[in-house]
1. Does segment 35-74 hold any residues that are surrounded by fewer than 10 Cβ atoms within 10 Å (Cβ to Cβ) and in a helix (DSSP H, G or I), and which are they?
2. Contact list please: Cβ distance under 8 Å, first residue in segment 34-45 and in contact (Cβ under 8 Å) with a residue 12 or more places away in the chain, second residue surrounded by 10 or more Cβ atoms within 10 Å (Cβ to Cβ), pairs at least six apart or on different chains.
Amino acid sequence: MKNDEAKLVKIESIDTLYQDAYQIIENARSNAVRSVDFCCVQMYWNLGKLIFEEEQQGKERADYGKYIIKNLFTIFLTTLTPCLKLIITI
């Protein structure tokens, strides 16, 4: 009987340990997603600002026919790692 009680305590302890470990993993996963989302927003905003400033160059309207975005995208696709390619094509 003592051995059965010890097994029950171990099972309950393992269940609690699993629950606690699972919660730590889920919290970290959730934090990572939020961090990546924030970094992507910053990246897109800064890229947009950079392109906007280059296209406008202080003018009220951009000159058309420069294809800045298309040219940048082509260069990025040939120079970035596959992971970064995925980010810029989303």
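1. Lys70
2. So the pair list comes out as Cys40/Ile87; Met43/Ile87.
Read-outs throughout are calculated quantities, based only on the coordinates presented, and are distinct from any laboratory measurement. Model, not experiment: these values are computed from the prediction. Glycine gets a Cβ as well: all are built from the backbone with ideal geometry, and neighbour counts include every protein chain shown.
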